[in-house]
1. Based on Cα coordinates alone, diagonalise the gyration tensor for region 22-65, multiply each eigenvalue by 5, take square roots, and list the semi-axes in whole Å, largest first.
2. What list of ³J(HN,Hα) couplings, whole Hz, do you get for region 393-398 from phi and the Karplus terms 6.51, -1.76, 1.60, once you set θ to phi - 60° and write x for glycine and proline?
3. Over every pair of different alpha-carbon atoms in region 1-206, take the mean of 1/r and invert it; report that Kirkwood radius in Å.
4. Describe numerically, in nm with one decimal, the distance between label points set 7 Å from Cα along Cα→Cβ at residue 357 and at residue 101.
5. Run the Debye formula on the Cα coordinates of region 75-169, all scatterers equal and no solvent, and tell me log10 I(q)/I(0) at q = 0.20, 0.21, 0.22 1/Å.
6. Using a Förster distance of 51 Å, how high is the FRET efficiency between residue 23 and residue 122, based on the Cβ-Cβ distance and rounded to 0.05?
7. Take residue 340 and residue 174, extend 7 Å from each Cα along the Cα→Cβ direction, and tell me the distance between the two endpoints in nm.
8. Obtain the nm distance between the two label points defined at residue 383 and residue 61 by a simple spin-label model: each point lies 7 Å from its Cα along the Cα-to-C-beta direction.
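Every number here is computed from the coordinates shown, using simple stated rules; none is lab data. Here the structure is a predicted model, which is why all the values come from computation and not from measurement. Cβ sites come from the backbone with ideal geometry, for glycine too, and all protein chains shown count toward neighbours.
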Amino acid sequence: MSGHPEEELLYGGITNAGLVSRIGDTVRRPQRPTSPATHALLGHLERVGFEGAPRLLGVDDRSREVRSFVPGEAAIAPYAAWALSDEALVSVAQLLRRYHDAVDSFDATSHDWPQSVPAAFRGSLICHNDPNLENVIFSGDRAVALIDFDLASPGSAVWDVACAARLWAPLRDESDMPGQLRGRSLARPRTFVDAYGLPQRDRAPVHAHDWCYDIVRDAVAGGHEKFGRTGAKAVESGRTGRGSNSPRTARRCGGARHVDRGAKLMGILMGLDVGTSGARAVAMDSETGELRAEAAAEYELLMPRPGWSEQRPADWWAASRAVLAKVAREPGEEVIGLGLTGQMHGSVFLDAGDEVIRPALLWNDQRTWRQCEQIDERVGREELVALTGNPALTGFQAPKILRRSHLRIGRRPRPRAVGHRRSLLRADRRRPRGQARARRQ
């Protein structure tokens, strides 16, 4: 796994996924070209007595920076109820204000910083720039520390507040928000800026959205593997906006949103996304690209234990059929193509009869950390990265297969295969109508 017997891999994040670990009360992280500026910032925060950031302790024998470990809990998907509460939101705003007060006296002029914020919001204050849910540590339901200062650079308080409010409200399509936050996309940003104490003169719209997606887009273009896998879809959503915000969306009918019709079209292209929170389908004009209809259906996320994340494949199938039926019921028009996409890698275990034998282990399930350690011990961490381009991570399939084989003690049939939600759709498509197995209805 590593050169230290007590080294523990820390999960979460994308940029440094699989590269951040803990040894005792310290955290080891890769350095960046702009790390000297970050080190100076952390040193200043320590000198002024700001307790809400890790301490820089030096560099280890592998040229990794060593920071103090901040005890507590970060808000990592699937989000617990406390992470989405107004109390948590207010405490994040108050923590950000304390950070700005502490960093206000820091002289940043002699350092090289990462990507700059837009000129209109660039000043002498060093913004965190990435106050994402995963980068805030909580004690109980109160935010106590900011971590991951890799994107910190000169900006302004209003810019950092806008970035944080966008992430924590969050500002996104209602169908992409957790159920308990829907209908509050305006109230929560107001709660955040009030708790921070932002002056009224600074509450004009700030276009932080495009800047944040530019960072992801640049990483994808530069060949960053983790962003290439997880960020491309987000970049496209950030560039085009979601369908429910489109001015062409005119009316709601039976759960599907339909736009005003023009001339009769020759054919329809349909898209189906089987996501983590639900299934979503769209229908578009094959010639003009006009959005014709869209529909969404939620399904349950199962969390039988902390860190475990499961869903029933039968729920994927039922939701997919429901949303496709809603957007495909326009009479007299032929569907000429269907595109499929979905959440990241999940494991679907099948028996010899192609029956699903247990709920699927999702991409964010963390139960296979011991199997990841076993892979690192047997293959060697550096050798594994050299062979595959990735470390052993809990979301990947191999650790899940290992864990399943270890737990098999005769109570259930031995898995014949491991599938993916898209293969389930293709498998049922090959069966004659009416013969799909009951477990997939």
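1. 18, 14, 7
2. 10, 4, x, 7, 6, 4
3. Working: mean 1/r = 0.0562 Å⁻¹.
Here the Kirkwood hydrodynamic radius works out to 17.8 Å.
4. 5.9 nm
5. The calculated log intensity ratios at q = 0.20, 0.21, 0.22 Å⁻¹ are -0.94, -1.01, -1.09.
6. With a Förster radius of 51 Å, E is 0.85.
7. Result: 3.1 nm between the two label points.
8. Going by the 7 Å Cα→Cβ label model, 2.1 nm.
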